[in-house]
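We did not get these values from a lab; they are worked out from the coordinates using the rules stated. This one's a predicted model, so the numbers in the text were calculated from it and none came from an experiment. Cβ placement follows ideal geometry from the backbone for every residue including glycine, while neighbour counts extend to all protein chains displayed.
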Amino acid sequence: ARAVRAEMLNHLEQHGIPPRLVYLANHGIFALGQSANEVMQITEMAVKLSRIYAGALAVGAIRGLSQSEVERVERRPDELRRRTILSNQTDRSLDDN
């Protein structure tokens, strides 16, 4: 717990915001958000990323995107629409519980 606290404070100092996701080696993740909906979105994306990484490693290696490539993808209309759809699906699943 002390190590997690120290790293979270370090991230906050460096970036001005807390991390949205913390990976705990052999223990899982912490997803941090302002609402249950945001936490669900972060968790679902972490699961998706894990599946993509596993597939990439199965066929060779992982090649990360450059910062400019990440920014380009984040601004694409289809990516913005995907996030809206995901948000709406998560809202509905939370309403069902």
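Points to keep in mind about this one:
- Farthest positive-ward along the chain dipole, Cα basis, beta-carbon charges - from L65, L80, H15: L65
- With N as its number of residues, the chain has a Cα radius of gyration that, divided by 2.2 N^0.38 Å, comes to 1.25.
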